[in-house]
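Undergrad: This is the structure I want to talk about, given as C-alpha cells.
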Amino acid sequence: MLQTKQIKENVYAFKAINYNDLSFHGPVITTEEGSCYNAYLIIDEQITLIDTVDEKFSDEFIRRIKKVIGNKKIDNIILNHLEYDHSSSYEYIKTFYPEAKTYCSSKSDKVIAKIFSKNYDYIFVEDLSEISIGKYTLKFILTPFIHWPDNMMTYLIEEKILFSNDAFGSLIAQNKFFDYEYDLHELIKSSKIYYANILTGCNNLVSKKLKEIADIEFDYVCPSHGVIWHKNINDILTSYINWSNCLDVKNKIVIIYDTVWGTTETMAQEMATNLGEKGFEVRIFVASKHNPSMIMTELLDAKAILIGSSNLNNAMVSTVADILERIYGLKLKGKVGMAFGAYGWSGVHLKRINARLEEANIRTIHPDVYTNFNVDDGMVKFIEQVSDQLAEELNKL
Ligand code: FEO
C-alpha cells in the first residue's frame, strides 16, 4: 500500500509499505512489520519531489503524485541517496517528468552512471548549497558515509523541515505517519534497531554531523523510513547523540553462542549465572535461533561480548561466524570480548573467534576458555574463575 498525507499546506508525504517484505536493506535487518519507504513533495512555483520509493510501488507512487498535483509537472527531483530503496523508481518517475531537474550530492558523481540506465542531466550539489524553488529555499546538507558516500539531507528553510533520508529512520511499517501517534518507547526501540544495524559503523561521522546541525531548528524531521518526527524531535536527536557517542553503556554482558551437542550451551549458562549473580545484566542469544538484528542492537549498550561455539570441522559453527561478521561491520568501540566453547578433538576454532573479535576492534581477554567434550566439576570451577576475572575487568571500565 502507498498512502499520502499532507504535512503542511504545501508539503506532502508518501508512505509506501511492503507488508510482505520482512527483510530490510537486503538481508541485513529482519523486520517484524514489513518495510516502509517515504518520499515527499513540496508545492511551490517549482514542484519538488524529495526521494522516490522502492520500484515495487512505482505505479502506485505516480498515481498518488498525480492525485496531488494533477496535470502540473514536477520541476525538481532531489535524490538524497542513491541506494535502491530510494532510487529504484526514479527512472520510472522521470518518464512522466522528463524535464525535471535532478539534484544529488557531489559525492555521487562517480557512481551515478552505474545506478541508472541512462545518463540524465544531474546537478551535483555541495554541502550547504541552496536552491530557490519559489517562496521556499532548499539547503543541502551532505552526510557522506552516513552510511553511503552519497548520502545527504535536504532542509526546507522556511518551514523548518529536514528531509533526512536514512538518518532518523525507524522500522515502523504502519500507516500512521507521525511520532505522536505511536508509543514513544516503542518508537525509540525501533529506531535503535535501525541505528544499530545501519548506522553504528558510522558513529564518529554521525556524532560530528549532529554537532554541525545542532543550531538548526526543526519543526518536522522527515526520514525516508518509518515515522515523521514532530513532537518528539528532541528524543530522537538525544538518542542519536547517545548512540553515536556510546553514552548509554550499561553494566551489561551479551553472550552469543551456538552449540552442536550442548556443551558450549552449558558453558554459556554457567557464565551467565556467575555474571548475573555478580550484578551484571546478562543477555543470552543463540546465533541460529535469535534474530541477528536484535542481537546487534543489544550490543550497543553492552560492556562485554562473549562468543561461544563448538568446534565443527576445525572451525566455529557458521551461524557464529555470521554474527562475528556483522559485529566486524559495526566498528564497536570500548567493548571487551571473550571466546569460549567446547571441542572434541581440537580447540583451534577459539583462535579464529578471538582473531575475528580483535579484527573487530574488540579487546579480548582469556584466550583459553574451552572444554573437552563436557563441563565437569573442574570446568565449572574454571568458569567461575574466568567469570570473576571478567567481572573485575569490566568493573574497571
Ligand atoms: Fe534506505 Fe541507505 O538506504
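Just so it is clear, none of the values below were taken in a lab; they were calculated from the coordinates. All of these numbers come straight from a predicted model, not from anything done at the bench. Heads up, the Cβs are rebuilt from the backbone with ideal geometry, glycines too, and the neighbour counts pull from every protein chain shown.
Undergrad: Please find the FRET efficiency linking Glu32 to Glu55, where r is the Cβ-Cβ separation and R0 is fixed at 22 Å, and quote it to the nearest 0.05. If you can, show how the numbers build up before the last one.
TA: Values: r = 24 Å, r/R0 = 1.07.
So the FRET efficiency works out to roughly 0.40.
Undergrad: May I pose another question? For segment 284-385, take every pair of Cα atoms, bin their distances at 10 Å starting from 0, and report each bin as a whole percent.
TA: With a bin width of 10 Å, the distribution comes to 15, 48, 32, 5.
Undergrad: Same structure again: Would you please give the residues with an amide H less than 5 Å from that of Ile47, counting only those at least 5 places away or on a separate chain, with H modeled from the backbone geometry?
TA: Long-range HN contacts for Ile47: Asp75, Asn76.
Undergrad: For Val68 and His185, what is the calculated FRET efficiency with R₀ set at 41 Å and r taken between the beta-carbons, to the nearest 0.05?
TA: Values: r = 34 Å, r/R0 = 0.82.
Result of the calculation: an efficiency of 0.75.
Undergrad: Take the alpha-carbon centre of segment 308-339, take the same for segment 85-162, and report the distance between them in whole Å.
TA: First find each Cα centre; the distance between them is then 38 Å.
Undergrad: Then there is this: If we sort 172-183, 298-309 on the protection proxy, mean other Cβ atoms within 10 Å, highest first, what's the order?
TA: Numbers: 172-183: 17.2, 298-309: 24.4.
So the peptides 172-183, 298-309, ranked by packing, come out 298-309, 172-183.
Undergrad: Search the structure for amide H atoms under 5 Å from the amide H of Gly308, placed 1.01 Å from N in the peptide plane, and list their residues when 5 or more places away or on another chain.
TA: Those lying under 5 Å, H to H, from Gly308 are Ile256, Tyr257, Asp258, Phe340.
Undergrad: Using only helices, what value at 222 nm comes out for the chain when you add -39,500 (n - 2.57) per DSSP H run of length 4 or more and divide by the total residues, to the nearest 500 deg cm²/dmol?
TA: On the way: 12 runs with 130 residues, N = 397.
That comes out to -10000 deg cm²/dmol.
Undergrad: Could you work out the per residue convex hull volume over the alpha carbons of segment 224-291, in cubic angstrom? Each step should come with its number before you reach the end.
TA: Numbers: hull volume 8.8 nm³, N = 68.
Spelled out: Cα convex hull of segment 224-291, divided by residues, is 130 Å³.
Undergrad: Right, another one. Sort Trp229, Trp148, Trp345 by Cβ crowding within 10 Å, fewest neighbours at the top.
TA: Numbers: Trp229 26, Trp148 18, Trp345 9.
So the ranking, lowest neighbour count to highest, is Trp345, Trp148, Trp229.
Undergrad: What is the distance, in nm, between label points placed 7 Å from the Cα along the Cα-to-Cβ direction at Glu9 and at Thr273?
TA: A separation of 6.9 nm, rounded to one decimal place.
Undergrad: Next up: Report relative contact order for the chain in percent, whole number only (criteria: Cα-Cα under 8 Å, sequence separation at least 6). List each step's numbers first, then the result.
TA: On the way: 804 pairs, mean separation 43.9, N = 397.
Relative contact order, the chain: 11 percent.
Undergrad: Which of these, Tyr195, Tyr103, Tyr120, has the largest mean-square fluctuation under a Gaussian network model of the chain (Cα springs below 10 Å)?
TA: Sorting by GNM fluctuation, first place goes to Tyr120.
Undergrad: If you don't mind, another one. Which whole-number percentage describes the relative contact order of segment 26-108, with Cα contacts under 8 Å and a sequence gap of 6 or more?
TA: Over segment 26-108, the number comes to 30 percent.
Undergrad: Computed over the Cα atoms of the chain, what is the convex hull's projected area averaged over all directions, in nm²?
TA: Details: hull surface 80.9 nm².
One quarter of the hull surface, i.e. the mean projection, equals 20.2 nm².
Undergrad: For labels at Asn119 and Asn234 in the simple 7 Å Cα→Cβ model, what's the distance in nm?
TA: It works out to 5.2 nm between the two label points.
Undergrad: Continuing with this model, one more query. Taking θ = phi - 60°, what integer Hz values does the Karplus form 6.51 cos²θ - 1.76 cosθ + 1.60 yield along segment 90-107, in sequence order, with x for Gly and Pro?
TA: Running phi through 6.51 cos²θ - 1.76 cosθ + 1.60 with θ = phi - 60° gives 4, 5, 5, 4, 5, 5, 7, 10, x, 7, 4, 7, 10, 10, 8, 5, 4, 6 Hz.
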